[in-house]
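Colleague: The structure follows.
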Amino acid sequence: MGFVIFMALYSFSELSCMNAKQFLIHNVLNTLPKVAKHTVNWLPPIACQFTLERLFNQFFKKELAGGDLQFMEQKWVRVKVQDLNVHFSISVVNHHQQPSLKVQPHLTEADVALAGDMEDLMLLMTQQVDPDTLFFRRKLSLSGDTELGLQLKNFLDTIELQTHLPAFAHQWSSLLAEQLMDRHHKRAA
């Protein structure tokens, strides 16, 4: 009898933990766009530039060292997160004989432009949806230099988050992406 009660309590605690985790993820997905939009509008452009450069250079450290981003040298890619009204341009430059990513918040001219909503860009980065699917559903737009855009798309397809993020961050990004996919499926139904 004690074993049955123990198993029932254990199952209930596991269910409660899963429900709490799903509840937390649901709330994060609902509040993240609002918080991100207010934070970006509040921060001075130089702070956003510095933060993005540090994040991108750390995240793509291996690809920069291996020359995988050489196709972006002296080319500017404009990224626009439409629902947050956030945009920036990024390029590969040589800094002390080493390639690094440079971010410009107010650059108006770019060789290629990539635009989408935060949720769709997150699905793209977590590889829950491939770029072609988002493009054909008109959730992702790409304009400008077609060859550069294709190289960028192919590069993004090769990124594996589990090799770039700490385990806990990869786990949470995967959980968030799964919830986003569930949302998209429910909207389509």
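Here is a yes/no grid of residues against (1) aliphatic (A, V, I, L, M); (2) closer than 26 Å to L176 by Cβ:
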{"site": "R78", "(1), (2)": "no, yes"}
{"site": "D83", "(1), (2)": "no, yes"}
{"site": "V93", "(1), (2)": "yes, no"}
{"site": "P99", "(1), (2)": "no, no"}
{"site": "T108", "(1), (2)": "no, no"}
{"site": "L114", "(1), (2)": "yes, yes"}
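Table: residues versus (1) in contact with a Leu (Cβ under 9 Å, 6 or more places away or on another chain); (2) aromatic (F, W, Y); (3) more than 23 Å from I159 (Cβ to Cβ); (4) modelled with pLDDT under 90.
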{"site": "A8", "(1), (2), (3), (4)": "no, no, yes, yes"}
{"site": "L15", "(1), (2), (3), (4)": "no, no, yes, yes"}
{"site": "W76", "(1), (2), (3), (4)": "yes, yes, no, no"}
{"site": "V81", "(1), (2), (3), (4)": "yes, no, no, yes"}
{"site": "I90", "(1), (2), (3), (4)": "yes, no, no, no"}
{"site": "H95", "(1), (2), (3), (4)": "no, no, no, yes"}
{"site": "P99", "(1), (2), (3), (4)": "yes, no, no, no"}
{"site": "Q104", "(1), (2), (3), (4)": "no, no, no, no"}
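Colleague: Identify all residues within the range 116-133 that are within 24 Å of N41 (Cα to Cα) and of a type outside the set (A, V, I, L, M); write none if there are none.
Modeller: Matches in the range 116-133: G116, D117, E119, D120.
Colleague: Out of the residues in the range 83-115 that are over 19 Å from L43 (Cβ atoms) and without any contact (Cβ under 8 Å) to a residue 24 or more places away in the chain, which is surrounded by the most Cβ atoms within 10 Å (Cβ to Cβ)?
Modeller: Across the range 83-115, the extreme among qualifying residues is S91.
Colleague: Which numbered condition in (1) closer than 17 Å to D68 by Cβ; (2) under 13 Å from the mean Cα position of the chain (by Cα); (3) part of a helix (DSSP H, G or I) is the only one that Q127 fails?
Modeller: Against the list (1) closer than 17 Å to D68 by Cβ; (2) under 13 Å from the mean Cα position of the chain (by Cα); (3) part of a helix (DSSP H, G or I), Q127 comes up short only on (3).
Colleague: Continuing with the same structure: Cβ contacts < 9 Å: first residue in a helix (DSSP H, G or I) and acidic (D, E), restricted to the range 152-180; second residue buried (at least 16 other Cβ atoms within 10 Å of the Cβ) and at pLDDT below 75, any location; separation 6+ or different chain. Result?
Modeller: Listed pairs, sorted by first residue: E178/I25.
Colleague: Please state which of the following conditions G149 fails to meet, knowing it meets all the rest: (1) out of contact with any helix residue (DSSP H, G or I) (no Cβ under 9 Å at 6 or more places or on another chain); (2) surrounded by fewer than 18 Cβ atoms within 10 Å (Cβ to Cβ); (3) in a helix (DSSP H, G or I).
Modeller: The single condition G149 does not satisfy is (2).
Colleague: Of the numbered conditions (1) modelled with pLDDT of 80 or more; (2) in a helix (DSSP H, G or I); (3) among the small types (G, A, S); (4) in contact with a helix residue (DSSP H, G or I) (Cβ under 8 Å, 6 or more places away or on another chain), S141 satisfies every one except a single condition; which is it?
Modeller: (2)
The values are calculated or read from the model by the stated rules, or taken from the named source; none is laboratory data. Since the structure is predicted, the reported quantities are computational estimates derived from the model, not experimental observations. Note: ideal-geometry Cβ built from the backbone for every residue, glycine included; neighbour counts use all protein chains shown.
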